1. Looking at B:K97, B:K148, which is the one that is open to solvent by 20 Å² or more (accessible area, probe 1.4 Å), charged (D, E, K, R) and touching a Lys or Arg at 6+ places or on another chain (Cβ under 7 Å)?
2. Looking at region C:37-57 only, could you name the residues that are of a type outside the set (A, V, I, L, M, F, W, C) and facing chain A (nearest Cβ under 7 Å)?
3. Yes or no: region A:206-218 includes at least one residue that is modelled with pLDDT under 95 and of a type in the set (G, A, S).
4. Of the residues B:S36, B:S111, B:S79, only one is polar (S, T, N, Q), assigned by TED's automatic domain parsing to the domain that holds B:G186 and under 30 Å from B:R240 (Cα atoms); which?
5. Output yes when any residue across region B:119-134 is within 30 Å of A:P103 (Cβ to Cβ), aromatic (F, W, Y) and modelled with pLDDT of 95 or more, and no when none is.
6. For C:Q34, only one of the following conditions fails: (1) open to solvent by 60 Å² or more (accessible area, probe 1.4 Å); (2) at the interface with chain A (Cβ under 9 Å from one of its Cβ atoms); (3) modelled with pLDDT of 95 or more; (4) over 27 Å from A:R466 (Cβ atoms). What is its number?
7. Considering (1) in a helix (DSSP H, G or I); (2) within 7 Å of another protein chain (Cβ to nearest Cβ); (3) surrounded by 19 or more Cβ atoms within 10 Å (Cβ to Cβ), say which one A:E352 fails and leave the rest.
8. Go through (1) closer than 18 Å to B:A191 by Cβ; (2) over 26 Å from the mean Cα position of the chain (by Cα) and name the single condition B:K236 misses.
Amino acid sequence: MSEIIRLTAAELGAKIAAGDVSSVEATRAHLDRIAAVDGAVHAFLHVDAEGALAAAADVDRRRAAGEAFGPLAGVPIAVKDVLVTEGMPSTAGSRILEGWIPPYDATPVRLVREAGMIPLGKTNMDEFAMGSSTEHSAYGPTHNPWDLDRIPGGSGGGSAASVAAFEAPLALGSDTGGSIRQPAHVTGTVGVKPTYGAVSRYGSIALASSLDQIGPVTRTVLDAALLQDVIAGHDPHDSTSIAEPWPSMADAVRRADVAGVRIGVVKQLDSDGVQAGVRSRFHEALALLERNGAEIVEIDAPSFEYAIAAYYLILPAEASSNLAKFDSVRFGLRVTPEGGGTVEQVMAATREAGFGPEVKRRIILGTYALSAGYYDAYYGSAQKVRTLVQRDFDAAFAKVDVLATPTAPTTAFKLGEKLDDPLSMYLNDVATIPANLAGVPGISLPAGLAPEDGLPVGIQFLAPARQDARLYNVGGALERLLEAEWGAPLLSRAPDLSSHEMAAAEEGAL
Amino acid sequence: MARAALMDFDKALELFEPVIGLEVHVELNTTTKMFSSAPNPANSAFHDAAPNTLITPVCLGLPGSLPVVNEQAIRSSISLGLALGCSIAESSRFARKNYFYPDLAKNYQISQYDEPIAFDGEVEVELENGRIFQVPIERAHMEEDAGKLTHIGGATGRIQGAEYSLVDYNRAGVPLVEIVTRPIFGAEADAPALASAYVSIIRDIALSLGISEARMERGNLRCDANVSLRPRGAEKLGTRTETKNVNSFRSIERAVRYEIQRQAAILADGGSITQETRHWHEDTGTTSAGRPKSDADDYRYFPEPDLLPVVPSPELIEQLRAELPEPPAARRRRLKAEWGFTDIDFQGVVNSNLLVEVTETVAAGATPAAARKWWTGELARIANAQNVDAASLASPAHVAELAGLVEAGTLTDRLARQVLEGVIAGEGSPQQIVDARGLAVVSDDSALIAAIDQALASQPDVLEKIRDGKVQAAGAVIGAVMKAMQGKADAARVRELVLERATAQ
Amino acid sequence: MSEITAEQVAHLANLARIALTEEEIAHLTTELGQIMQAVEKVSEVATPDVPPTSHPIPLQNVFRADVVGADVLTAEQAVAGAPEADGSRFVVSAILGEEQ
């Protein structure tokens, strides 16, 4: 059974298609793994064992009846709790939505179900996706499978950890400023933020509407490509969804070749501010690509220095408005002040009790940035910086095919280390934010372990909008070259969580 | 509620110049809502739906839901903008207006702020006294309606004193176009009448475009009236109040008049006007203070990130322009000629805000004279007595049917008035009421002759006079016959028969 | 510009309908001052000649046909997640306080 969970999604899908493994067996294997290790990892907020097994049995039955399916049919998947799921609680990691069961499926969830994939449950996240460590979840942090005392990244730490801990072969994430890519970086996994509008946002509990994008969280580049092929495409429910059809990302991985590809290294993001081991793995990866025919070019992107500042105005502003709907009237928590109160007082008491400190901080910040007299200086200026960042990308992509950066400045830090220092926490996103501001796609894949702490390091590639296939080409090629050097995937070096499995089994016995 | 001191209207105008501004909300009658594919309760197909049944995740602002613009709402808005003489923006966009209120599902309203779809228009309005105004239109923008609150507990069903409220989001997301005038100067004593006549013109336009049911009593058409006064000779505009909840043409006129008198009394007394929202109370004919405008009205507008700019093609705009119906003023001139009305008769129809009803009644088969008579006569009288708009009492189709029954001799005017009462009471169509109440004229001559013979026999002196050629004496017999027939007889026919029987005997 | 007072934070909390405690207001006043100081640098490069960008991918005229969708909810579904409902309507506390 245990080898089932070690398979990639592509391999597992092939075995299910060949009849070597049933979807029910595959699903049960992952549910067993969750039962064994999630007490220690806490990647999941909700596991729907019954629903998953029923869905798996249904796929097995339909396949036996001759129905044709895609390559990921029957494969289990974890879903970030930011996506609404019919019949499964959807909280976005917030107390204010505790127990809420939506009456509809988010479009990406509907699409994975239609592809015959099996949603296992909902993964942990920073409350409303605000954070880089998953410590801002109202339901307690997720632990990094490489070192349980460290953060799994955020906001999608649950999805990344579930994949890194072999609790799910792949997962859905959301990326507003790096919430897919930065967790991939610190957990030795693959994460892709597609072009803004490639994947529908319908049913994704909005953080910042003009920045949010749903994408794959996987262990291999091919798995990410296969999942993006399932979830990408036009959705009439999302006005910002791109109407044009997409080429197959999986084909791009299978044909991956970096010969002649021009790779730009963003000067501003390759600095002393980056941890030494992160930087050395980054440059080794570039050297490897160069040896295999890529051309490395230095790129100047001066506006990137202003990206974090613009991001921490735009995001709170949009979030302050998006989160206004949590008011105790139609769904979610209601807290009535002692002795009753007007609806205004009930709303204020509910939001005081239902939101965590980071959410309140950003709502107040965003309310300020939009308020009369400050709009032009803050929100208006931030939107202008957004234009400048786009111009930097345009100029860069006139010279190179893709850009490369370290995904984040450091490896996984200790849980609690930056909790009281929001500004320092915000700096984690320095390399991932520009892509969200400009809407361009980005991938993070493992580049190795940092020598000084033995923790995973990711490398990020960015491509022009709508050119997601370039990321899969370069990412797929680098993954193959690195694994050839390592002799095995990076995750094979992750600690065995079986001691926790044992502990959990003993607990279960009691 | 304490009654405010009022200054005599003429006195107020001596001391102050009234300046008014009008904001009219028009609910579009599209099949679905502005940003969601839920059925639109402002479309007649979905009137009176049960609470919270015209709802998608978007209408409830459910987490994850997203708005998508209704194309027909855009077309209707452009048509309305063009009919108001506005320029259509090359590019317009939506913005979020952020404020908390339980009828607002997302706690922000999607509206248009700095880039409305239509701007800079002008509408011609003619008053009863023949004065013609060009009302300047600042802008017309698209937005979504809010849900409905029902206040429970407390004595009045009003928000004051209520224990709790119930929320129905059926109306949430109904497409609205808000038409905003620039300040209107120079109306003077006509300001109240102009306000009402302007809204009537907007209603005409919306109906002739077919983009709204435009019924004030249903809330399809809502008017907020801004009123300020400035002392004679002053440059600076006075502080204005915004009166809401004005739900009939009559109330618009009354509310503006009331505010002029109320503000004049305060100002003349050395007081100052508070910039605030005021609520109109139909029952007392007064306004009361609502929420004062304050720092709390910081709506934090910003471009709606979930929606994209609306950039109508010049071809679309020209196509919609070509499809515009006649402008109301031209249309009025044409109708007056077609109907052959005198100035006074036509103004009577216009001033009663019944032009649309009369037009539709004529279209439904009535003669113009009959249509005018019923609407400006009996219906206007009843409306006046009940303090409602005549248009809310009966449909043009029913009035045309009623006129047809009179024309055909099935009903006398007197019977027709009884039938109309039934129509207003909702008993059905005129024919159904005639059948149900047995109200038709007795057109069977033999029944009439029997009654006439009996009446003549009981009044031999009258018979004698008629035979002597004193025909006017027949009145007494006719009266007796009509009484005997309980009014269900055609008096002219009775008269004919009386003379015939008197001379025959 | 980055001078933020506790009164301002209290006002913002009221606009945002969050009943912050005094302690939270004090804490946020300090934090917000620091954050605003850091993010204010956008004004260094946001010159008048730079147009603002509100959407990362420029699209326009995205409309839907005026046709009733398949996602209309029943009244039961509509109120299913509500903290309080009375039949098919949502229940909220009185809107005005007694003093009003």
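1. B:K148
2. Matches in region C:37-57: C:K41, C:S43, C:P51, C:P52, C:T53, C:S54, C:H55, C:P56.
3. no
4. Just one listed residue meets the conditions, B:S111.
5. no
6. Answer for C:Q34: the failing condition is (3).
7. Condition not satisfied by A:E352: (3).
8. Evaluating B:K236 over (1) closer than 18 Å to B:A191 by Cβ; (2) over 26 Å from the mean Cα position of the chain (by Cα) leaves (1) as the failure.
The values are calculated or read from the model by the stated rules, or taken from the named source; none is laboratory data. No experiment lies behind these values; they were computed from the predicted model shown. Glycine gets a Cβ as well: all are built from the backbone with ideal geometry, and neighbour counts include every protein chain shown. Just so you know, the surface numbers come from the protein's heavy atoms only, side chains and all, with ligands and any DNA or RNA stripped out. Shrake-Rupley method; radii C 1.70, N 1.55, O 1.52, S 1.80 Å.
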